[in-house]
1. So what is the accessible area of segment 28-108 per residue, in Å², with the probe set to 1.4 Å?
2. Just to be sure I understand the model, the point goes 7 Å from the Cα along the line to the Cβ. What's the resulting GLU110 to THR71 distance in nm?
3. Using the Cβ atoms and a cut-off under 11 Å, what net charge is assigned to the surroundings of VAL18, where Lys and Arg are +1 and Asp and Glu are -1?
4. Taking a virtual spin label 7 Å from the Cα of ALA102 along the C-beta vector, which residues in segment 70-87 bring their backbone nitrogen under 20 Å of it?
5. Compute the distance in nm between two label points, each set 7 Å from the Cα along the Cα-to-Cβ direction, one at LEU35 and one at ARG80.
6. When the Karplus curve 6.51 cos²θ - 1.76 cosθ + 1.60 is applied with θ = phi - 60°, which whole-Hz ³J(HN,Hα) does each residue of segment 78-83 get, with x for Gly and Pro?
7. Take the Cα of GLU55, step 7 Å along the line toward its Cβ, and report every residue of segment 91-106 whose backbone nitrogen sits under 13 Å from that point.
8. Each residue of segment 36-46 in order: what ³J(HN,Hα) in whole Hz does its phi give by Karplus 6.51 cos²θ - 1.76 cosθ + 1.60, θ = phi - 60°, with x for Gly and Pro?
Amino acid sequence: MSERRKDTRRRLTKFTPVYDLHPRILLGYLADLTLRGALLIGTNLTTINKETTLEIDFPSDLPDIPIFQITIPSRIAWCRQDESPQYYSIGVEFLEVTPEHAEIFQHILERYYFRHALSDADFDQQ
């Protein structure tokens, strides 16, 4: 899958819950983010290839971010048990990234991530 990865993923340093809106349940917490998708860490197995709308609730203490809650059409690309057996790693693909989404994601990626290199192999799962 690494040949399919277009963006380098960056792990975020802020606590960020992500909700599946169909039905509205906590899907997990944002572990890393790109302009095309994200890795979530959750406590429940979820349906692969499910198309849904996600709500991402960014922390309100992020300066210069005009919007703290984003809803975005997405697809659950994969789900597997995490290294910690009580958790699941969930890969999501954003289906419709608006210019506003892209601007907010870019702003967050530039300011709030762990500053170390991650290889594509760290997150390649199918």
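The values are calculated or read from the model by the stated rules, or taken from the named source; none is laboratory data. Keep in mind it's a predicted model, so treat the numbers as computed, not measured. Please note: Cβ atoms are built from the backbone with ideal geometry, for glycine as well, and neighbour counts cover all protein chains shown. For accessibility, only protein heavy atoms count, side chains too; no ligands or nucleic acids. Shrake-Rupley method; radii C 1.70, N 1.55, O 1.52, S 1.80 Å.
1. Details: 3930 Å² over 81 residues.
Dividing the accessible area of segment 28-108 by its residue count gives 48 Å².
2. If labels sit at GLU110 and THR71, their model points lie 2.8 nm apart.
3. Working: positive: none; negative: ASP20, GLU55, ASP57.
Net charge around VAL18: -3.
4. Residues 70-75 qualify, since their backbone N sits under 20 Å from the label point.
5. Here the answer is 2.7 nm between the modelled labels.
6. Going residue by residue, I get 6, 8, 8, 5, 6, 4 Hz, with x marking Gly and Pro.
7. none
8. Once θ is set to phi - 60°, the couplings for segment 36-46 become 10, x, 7, 10, 10, 10, x, 9, 10, 5, 10 Hz.
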